[in-house]
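Heads up: the structure comes next, in structure tokens.
The values are calculated or read from the model by the stated rules, or taken from the named source; none is laboratory data. This is a predicted model, so every value here is computed, not measured. A quick note on method: Cβ atoms are made from the backbone with ideal geometry, for glycine too, and the neighbour counts reach across all protein chains shown.
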Amino acid sequence: MTTPIIEPVTEPVIEVATPAHRAAAVATVVAAFAADPAFRFFCPDDETYLSDAEVIAAGLFDARVGRGTVWVADGGAAVAMWDGPDAPPSSHPPTGRFAVYEHAVAAVMPTYPRWYLGVLACHPEHRGRRLARAAMAPGLRRAEEDGLPALLETSNPGNVEVYRSVGFDVLERLTVDADLPVWIMRRP
């Protein structure tokens with residue numbers, strides 16, 4: 001009789017992202033959002049998805065990485081990109097369909113001080129390990145320490161329940177460009 005091999009459960013390594021994490025973080029976002037309704041709205045062409053999504057993901061990472069509000073799990077297998085309450089407006093305004101989305105969301109997004117989770121992604125090769133939750137946790141802690149709510153938006157209906165499971169509630173629902181549903185969610 002053979003003894004079954006039991007794999008040890010290890011806690012993910014969470015760290016504040018640096019520019020050295022850029023390639024892994026961008027690759028994670030691009031792979032994680034390949035079927036995401038919002039990213040497919042931004043980048044609808046299958047032939048150019050990879051290059052278009054890389055530009056968007058890199059811009060989102062670059063705008064936040066120097067503020068200490070981007071956390072990665074296991075070197076970039078998951079990434080959480082946050083804006084703190086004092087985050088300046090982006091110096092790289094969105095263009096094209098990404099701009100349409102951003103303007104529609106900004107029109108209903110609360111403007112009071114808050115922590116905003118702009119991107120949460122886990123590379124598909126690492127799903128099921130709760131790495132995204134682990135990467136998100138430092139931002140949630142910072143919001144709690146500051147006594148501020150956390151906000152996010154999602155266009156993926158399946159994510160609404162996932163975010164509810166960590167304390168978010170739907171604050172607003174809108175439709176972008178006639179057919180893209182978006183939920184604005186808040187965690188008090």
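Number of residues in region 141-150 that are crowded, with 17+ Cβ neighbours inside 10 Å, out of contact with any helix residue (DSSP H, G or I) (no Cβ under 9 Å at 6 or more places or on another chain) and either of a type outside the set (K, R) or modelled with pLDDT under 95 (or both): the value is 1. Do the conditions hold for A178, that is, is it among the aliphatic types (A, V, I, L, M) and modelled with pLDDT under 95? For A178, the condition - among the aliphatic types (A, V, I, L, M) and modelled with pLDDT under 95 - is met.
Checking the structure you have, find out if any residue of region 33-41 is of a type in the set (K, R), within 24 Å of I184 (Cβ to Cβ) and in contact with a helix residue (DSSP H, G or I) (Cβ under 7 Å, 6 or more places away or on another chain).
Looking for residues that are of a type in the set (K, R), within 24 Å of I184 (Cβ to Cβ) and in contact with a helix residue (DSSP H, G or I) (Cβ under 7 Å, 6 or more places away or on another chain), one finds none in region 33-41, hence no.
Among the residues making up region 131-140, those that are surrounded by fewer than 20 Cβ atoms within 10 Å (Cβ to Cβ) and without any contact (Cβ under 8 Å) to a residue 60 or more places away in the chain are R133, L140.
Can you say whether V55 is out of contact with any strand residue (DSSP E or B) (no Cβ under 9 Å at 6 or more places or on another chain) and assigned to a helix (DSSP H, G or I), as far as the supplied structure shows? So V55 fits the description; yes.
Looking only at residues in region 170-179 that are assigned to a strand (DSSP E or B) and free of Cβ contacts under 8 Å to residues at least 24 places away in the same chain, the one that is farthest from A143 (Cα to Cα) is T175.
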